[in-house]
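To start, the structure itself, in structure tokens.
The values are calculated or read from the model by the stated rules, or taken from the named source; none is laboratory data. Here the structure is a predicted model, which is why all the values come from computation and not from measurement. Neighbour counts run over all protein chains shown; Cβ positions are idealised from the backbone, glycine included. To get the accessible areas, we keep the full protein, side chains included, count just its heavy atoms, and leave off ligands, DNA and RNA. Shrake-Rupley method; radii C 1.70, N 1.55, O 1.52, S 1.80 Å.
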Amino acid sequence: MTDKISRRNFLRGSAYGLGALSLGAPAIHLRAQEPVLRCGVVTSLSGENRFGGNLTRRGYDLWAEEINKLGGVEINGDRYRVEMFYGDAQSRPASGADAAERLIIRDEVSVLFGPYTSGVTLAVQPICAKYSVPMISGSAESPNVWLEKPRFNFGMIPAVDHSAGRSINVIAEATGAASVGVVGVDEPFSKETAEGFRNGVEDAGLELTRFELFPANADLTPIVSNLKADDPDLVAVGGHEEVLINFINTAKSLDFRPKAILMHYGVTAAAFADQLGGDANGVLGISVWTPNLPYRDDLFGSASDYDELSHSRWGSHPDYTEAACSASGLVLQDAARRLGKPPAWERQARLELVEALEETDIETFYGPVAFEREGSHYHNNIRPVPVVIQITEGRVVPVAPGDAAQTELVYPLPAFS
């Protein structure tokens, strides 16, 4: 599906010709007569983050497909079919900014859906401000995204400083763990995840035996050896899926099995359990969405209905990132309905759409969505409650807090087989 995209910087999503390109002051020349809603997506369809980037694409596309089955987004009784246009960030912030500008100027999109990584998201935010184009970000989790107080960007997933910190307390209450070692990759998302874990340890009054950041390509042997010497009850690791897989493999090679291992994004991705096999069992992770949660909406139905639909469409079960991206479309259609103006949207209409997005307060299959209007999580949806999951026979199973648990948390972990 993405071979063609990987060879190009962006994908034209329709048969329409190129829009007018202004070389002067920023302006968007919109097609007034098109009965469609043109949406742009900037994400990493190639490069080192292509796996996560294509998860975001799946989520956004599934919403577009489902709403188009009904004729499109409803505004004042009329339906406007959704057309999706993609810009490949190539896993680089500068390329993401260029892709966003092309989507706005060349493809004449009225709204953007946001990138997979926070670094690309931060690079795209100034482009949104330059052209007054709102963006709904289904993936970005760095708190730095929201500290900038972006007027035009809205985030669906609670920032990692919020979710990682709360998860430590949930696990401590469920297990009685008293000491924690925290390590993480020294790059934005992973570092902030590790810092969130550390803050959670301090807030819970637990002993912090170690806090260490390391380069993405570091040899993990000395890092794991130091953790083994410290012998904490719980080890928390900040990183993306490749680092997390390497960490488990290194820990097994050194015969180090703490009572609990906690990670964040990556554990819920199918590749984690697929590559580690039985060694993935028992690893804890954080998710703000699982299919068993009691949420629903009129388009996707229940959380479990969405899980089945996504699995049928793509061949694998969705994680919380994919779900958040699909829910981003629900947020857009709700705001567009309240805006009450047909696309294409001129600048004034887009500014009014921003105001409508700020007033979002809805329930979806993904959970509640409402964006903060002030403070350190400005325009971030921090309503979802983090769920601690544990890999059990290759499956992602919620184990805490109690009202979300499907089975008991395994603690302490047995030795590696």
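Descriptive notes on the structure:
- Loop-located chymotrypsin sites (Phe, Trp or Tyr not before Pro) in the range 297-397 whose Cβ has at most 14 other Cβ within 10 Å (DSSP): none
- For a modelled paramagnetic label at residue 351, 7 Å from Cα along Cα-to-Cβ, the residues of the range 139-177 in reach, with backbone nitrogen under 14 Å, are 152.
- Computed over all pairs of different Cα atoms, the Kirkwood value for the hydrodynamic radius of the range 365-417 is 13.6 Å.
- Shape of the range 199-255, Cα gyration tensor, a/c cut at 1.5: prolate
- Note on the chain: antiparallel DSSP beta bridges, both residues inside, total approximately 35 percent of the bridges counted.
- Per residue, the convex hull around the alpha carbon atoms of the range 189-347 comes to 182 Å³.
- Per residue, the chain exposes an accessible area of 38 Å² to a 1.4 Å probe, with every protein chain left in place.
- For the range 45-174, the calculated P(r), taken from all Cα-Cα distances in 10 Å bins from zero up to the bin holding the longest distance, is 12, 38, 32, 14, 4, 0 percent.
- Bridging of residue 191 to lysines at a Cα separation below 30 Å is possible for 130, 149, 228, 252, 259, once same-chain residues fewer than 8 apart are set aside.
- Averaging 1/r across all pairs of distinct Cα atoms in the range 285-411 and inverting the result yields a Kirkwood radius of 16.1 Å.
- Applying the Karplus relation 6.51 cos²θ - 1.76 cosθ + 1.60 with θ = phi - 60° to the range 321-326 yields 3J(HN,Hα) values of 5, 4, 5, 5, 5, 5 Hz, where x marks Gly and Pro.
- Within the range 266-298, backbone nitrogen closer than 13 Å to the virtual label 7 Å beyond the Cα of residue 363 toward Cβ: 294-298
- Compared with the alpha-carbon gap, the fully stretched path from residue 246 to residue 144 is longer by 34.0 nm at 0.36 nm per residue.
- With eigenvalues of the C-alpha gyration tensor scaled by 5 and rooted, the chain, Å: 38, 21, 19
- With a cut-off of 12 Å between beta carbons, the residues surrounding residue 76 carry a summed charge of +2, where Lys and Arg count +1 and Asp and Glu -1.
- Using a probe radius of 1.4 angstrom, the carbon and sulfur fraction of the accessible surface of the chain is 46%.
- Based on alpha carbons, the Rg and Dmax found for the range 209-292 are 12.5, 39 Å.
- Distances between placed amide hydrogens fall under 5 Å for residue 40 paired with 85, 110, 111, 112, 113, all partners being 5 or more residues away or on another chain.
- Per-peptide packing, taken as the mean over residues of other Cβ atoms within 10 Å, places 106-117, 76-87 in the sequence 106-117, 76-87 from highest down.
- Rounded to the nearest 500, the 222 nm mean residue ellipticity of the chain from helices alone is -12000 deg cm²/dmol, with -39,500 (n - 2.57) taken per DSSP H run of at least 4 residues.
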